[in-house]
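The values are calculated or read from the model by the stated rules, or taken from the named source; none is laboratory data. Since the model is a prediction, treat every value here as computed from it, not as a measurement. Cβ placement follows ideal geometry from the backbone for every residue including glycine, while neighbour counts extend to all protein chains displayed. Note: accessible area is taken over every heavy atom of the protein model, side chains too, but ligands, DNA and RNA are not part of it. Shrake-Rupley method; radii C 1.70, N 1.55, O 1.52, S 1.80 Å.
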Amino acid sequence: MSVDQASWEAAVRHLFEDAYPYDATGPRRHENWVLDVIALMARAVPDPRGWNGIDDPVESPDYDGSPTFPFAVHPPEYIAQRLREIDRASAENLLLALTDDCCTLSNLKRFTESEEELRAMARTILARYGDEATYHTNVNRPGTVPGTLDFTTPHWGYSPLSDFYSEDYGLIVVSDTEVGMFWNFSDY
């Protein structure tokens, strides 16, 4: 499935408009792609295709001018140990769970579209990165099969990358040429 800019941007905007997201894509320049994630977190690289993501934290009254806000500055090893690889189906579910607080698929009830229409939008987002992409998250909601997430369990956790918000969780998509980051923040 190929995807064009208008379809991709519309899917990102629609799915995450009510969340508090940081959704960005940058070039993959390193074998150790965590270095590319750090560049994304610092807003140090542009989208290689010029496509628009969403950066709500930079519009926040809490924004302190730091290029990494609200992410904390950490070395690559710290970030790498907080991420685990998941399969594509779990990545699709995670994108849908990131549409609001609490990282749950019950967030889909607020949309007027059917679940299948929302899943098509998530597949549109993932299609940008190709079939060989890998998916990584800081969410701990392990399924019965290694590399999967189970959204039927009420128990979940995450390994934060922010020192500012009480919840931060997301998805990192890694292809041979790009790294995408889809993150949501909330405070309780």
Where the centre of each part is set by its Cα atoms, how far does segment 70-145 sit from segment 44-69, in angstrom? 19 Å
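Which shape class, rounded, prolate or oblate, goes with segment 104-188 when its Cα gyration tensor gives a ≥ b ≥ c as root eigenvalues, a/c under 1.5 marks rounded, and past that a/b bigger than b/c marks prolate? Working shown, then result.
Values: a/c = 1.39, a/b = 1.11, b/c = 1.25.
Rounded, since a/c falls under 1.5.
Around residue 25, with a cut-off of 9 angstrom between Cβ atoms, what is the net charge of the other residues, counting Lys and Arg +1 and Asp and Glu -1? Could you put the intermediate results ahead of the total?
Working: positive: 49, 128; negative: 23, 47, 178.
Cβ neighbours under 9 Å give a net charge of -1.
Sum up the charges of everything whose Cβ sits under 10 Å from the Cβ of residue 8, counting Lys and Arg as +1 and Asp and Glu as -1, but leave residue 8 out. Kindly include the intermediate steps, with their values, before the conclusion.
Numbers: positive: 13, 49, 128; negative: 4, 9.
With Lys, Arg at +1 and Asp, Glu at -1, the net is +1.
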Please identify the chymotrypsin sites (Phe, Trp or Tyr not before Pro) of segment 4-65 that satisfy two criteria: DSSP loop assignment and at most 15 other Cβ atoms within 10 Å. Which are they? 63
With Cα extents along the principal axes in Å as the read-out, I listed [x] 38, 37, 35; [y] 76, 69, 21; [z] 74, 36, 29; which label goes with the value calculated from this structure? [x]
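Select from segment 1-64 those GluC sites (Glu not before Pro) which occupy a DSSP coil region and have at most 14 other Cβ atoms within 10 Å, ordered by residue number.
On the way: sites: 9, 17, 31, 59; in loops: 17, 31.
In loop regions of segment 1-64 (DSSP not H, G, I, E or B), the sparsely surrounded GluC sites (Glu not before Pro) are 17, 31.
Do you know the relative contact order of the chain, to the nearest whole percent, from alpha carbon pairs under 8 angstrom that are 6+ apart?
30 percent
Counting Lys and Arg as +1 and Asp and Glu as -1, each charge on the Cβ, what is the dipole of the chain about the Cα centre in debye, to the nearest 20?
The dipole of the chain has a size of about 340 debye.
How much accessible area per residue does the chain have, in Å², with a 1.4 Å probe? It would help to have the intermediate numbers written out before the result.
Details: 8630 Å² over 188 residues.
On a per-residue basis, the chain sits at 46 Å².
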Residue-wise, which Karplus ³J(HN,Hα) couplings in Hz belong to segment 160-172, taking 6.51 cos²θ - 1.76 cosθ + 1.60, θ = phi - 60°, and x for glycine or proline? x, 10, 10, 9, 9, 9, 6, 10, 8, 8, x, 10, 10
With a 1.4 Å probe and all protein chains kept in place, how much accessible area does residue 68 have, in Å² rounded to the nearest 10? 20 Å²
Only sites in a loop by DSSP and with at most 16 other Cβ atoms within 10 Å count here; which trypsin sites (Lys or Arg not before Pro) in segment 14-62 make the cut? 29, 49
The chain: calculated mean residue ellipticity at 222 nm from DSSP helix runs of at least 4, using -39500 (n - 2.57): -7500 deg cm²/dmol
